[in-house]
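The values are calculated or read from the model by the stated rules, or taken from the named source; none is laboratory data. Just so it is clear, the model here is predicted, and its values are computed rather than measured. Cβ atoms come from the backbone with ideal geometry, glycine included; neighbour counts cover every protein chain shown. SASA here: full protein model, heavy atoms, side chains in, ligands and nucleic acids out. Shrake-Rupley method; radii C 1.70, N 1.55, O 1.52, S 1.80 Å.
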Amino acid sequence: MKKKVIVLGATGTIGRNTLSVIDSHSDEFTTDMITAHSRKEELAELAAQYNARTFTTDTETVLREIRESDADIVVNGIAGAAGLLPSFETARSGKRLALANKESIVMAGPLLLEEARRNGCEIIPVDSEHAALFELQKLVPPEQIAEIVITASGGAFRDLPFEELENVTPEQALNHPTWKMGPKITVDSATMANKGLEVIEAVYLFHRSPDLIRVLIHPQSRVHALIRTTEGSFFSQISAPDMRIPIQNALTYPGKSFGSCPDTDLTVADLSFRKPDLRKYPMLPLAYRAAAEGLSATITYNAVNEIAVDAFFRRQLSFFGIARLTEAVLDLPLPATPQTLTEVTAVDAAARSAARRLLENGFS
């Protein structure tokens, strides 16, 4: 029998790539429901094209369908904190969660993982880096893993001198050298907040201390993650920068299927790695700080970054102002570690409120 798939955020990058994978493997998968935040006409066209049973932009309908549908897999490609509740509903339902929504882990990783454990929900990461680590960890016993390495493209300003960054514009930040993504995540790549969020994700998903997670800039975006073993060897996952690969692996887990994208050509480019210049990427050390301080800090990091990026687009903050605002709110007294989803959303709301107050008072 074909496995039924719910695709959340169907009009975004993850959603469209998921539909492409389903289309390429129509003998294995069928689309049960697709959702989007607001693009109703585009969503209706996709529903017709991929023969989805239903489609919706209504959050309550989404949660009810996840709860009541007999679908096998939910692909969460929703951007931002809006993806949190659908992830929890999937975990409660016991369906497999193919997770591309970083915020679900950054805001509530320990709570979501426990909910999934209680209900027999498999969480398979879809981010290329975490999907790579998920595969690599099958090869190395946990006690032999000395360090995990996440690679980064370096974003739009990878090769721009530090001195020129203060006055860069949102339009420049959207010129990503490798990936085609939505505007917010593309700016996050330029600040490396996106990589910071991935460090936090790795802490929760793979139960690793932040000081055992390293980030390297890898301009070619072919090596997505590495594991260093205790005796000094590296295992790496190498593939084309194509999201269909981790999505297909999440859908077909624990097996493998024939690929729906071209093989990786290792002769196309030399592979190189370098340490990130933390002066250019202050959001990265702030992420390590948040990961070390705990869940309230990681929630705050994510929430303030969302407010700050929006302010950057509105030209209320400069490029480096994003990190300055994030640090300013992290420096405030933070709430106690949340123990429930209600408390998670309260910490998130408090962080956003603090960030908005600072902006209203002229923070730059």
Heads up, I need the accessible area for ASP32: 1.4 angstrom probe, whole protein in place, Å², nearest 10.
-> 10 Å²
For segment 130-175, run through the GluC sites (Glu not before Pro) and keep only the ones in DSSP coil with at most 16 other Cβ atoms within 10 Å of their Cβ.
-> GLU166
The chain, dipole about Cα centre (Lys/Arg Cβ +1, Asp/Glu Cβ -1), debye to the nearest 20 = 120 debye
Under Karplus coefficients 6.51, -1.76 and 1.60, residue-wise ³J(HN,Hα) of segment 330-347 in Hz, glycine/proline x | 4, 6, 6, x, 9, x, 4, 4, x, 10, 9, 5, 4, 5, 4, 5, 5, 5
With only alpha-carbon atoms counted, please give the Rg and Dmax of segment 1-159, in Å.
-> 16.3, 51
Checking segment 213-317 for trypsin sites (Lys or Arg not before Pro) in a loop per DSSP with at most 12 other beta-carbon atoms within 10 Å yields LYS256, ARG279, ARG314, ARG315
20 °C / 1.002 mPa s Stokes-Einstein diffusion coefficient of segment 229-364, Kirkwood radius on C-alpha pairs, µm²/s | 117 µm²/s
Net charge near HIS218: determine it from the other residues with C-beta under 13 Å of the C-beta of HIS218, scoring Lys and Arg +1 and Asp and Glu -1.
-> +4
DSSP-defined beta bridges in the chain - what % are antiparallel, rounded to 5 | 30 percent
How many nm is it between the label spots at ARG356 and GLU68, if each spot is 7 Å from the Cα in line with the beta carbon?
-> 3.3 nm
Find the Cα radius of gyration of segment 292-364, compare it with 2.2 N^0.38 Å by division, and give the number to two decimals.
-> 1.06
Given the convex hull of the Cα atoms of segment 58-144, what is a quarter of its surface area in nm²?
-> 6.1 nm²
Selection from ILE66, VAL140, LEU43, by position along the positive dipole direction of the chain (Cβ) | ILE66
Nearest-0.05 FRET efficiency for ASP331 and LYS256 at R0 = 35 Å, using Cβ-Cβ distance, is 0.15
Ranked highest first by average number of other Cβ atoms within 10 Å, how do 64-75, 333-344 line up?
-> 64-75, 333-344
For segment 6-125, give the magnitude of the charge dipole about the Cα centre (Cβ charges: +1 Lys/Arg, -1 Asp/Glu; no others), in debye to the nearest 20.
-> 320 debye
Percent relative contact order of segment 142-276, based on C-alpha pairs within less than 8 angstrom and at least six residues apart?
-> 31 percent
Lysine pairs in the chain with Cα atoms under 20 Å, if 8 or more residues apart or on separate chains = 16
Among beta bridges that DSSP assigns inside segment 85-225, antiparallel share in %, nearest 5 | 10 percent
Per-selection Kirkwood Rh - the chain (Cα, Å, 1 d.p.) | 20.8 Å
Would you grab the residues whose amide H sits under 5 Å from the one on ALA10? Only those 5+ places off in sequence or on another chain, please, with H modelled 1.01 Å from N.
-> THR35, ALA36
Residue-normalised value, i.e. accessible area per residue, for the chain at 1.4 Å probe, in Å², stands at 43 Å²
Round to the nearest 0.05 the FRET efficiency obtained for GLU41 and ASP277 when R0 = 41 Å and r is the Cβ-Cβ distance.
-> 0.40
Any chance you could get the radius of gyration and Dmax over the Cα atoms of segment 107-242, in Å?
-> 16.2, 51
Could you give P(r) for segment 171-311, binned at 5 Å from zero, as whole percent values over all Cα-Cα pairs?
-> 2, 8, 15, 19, 20, 19, 11, 5, 1, 0
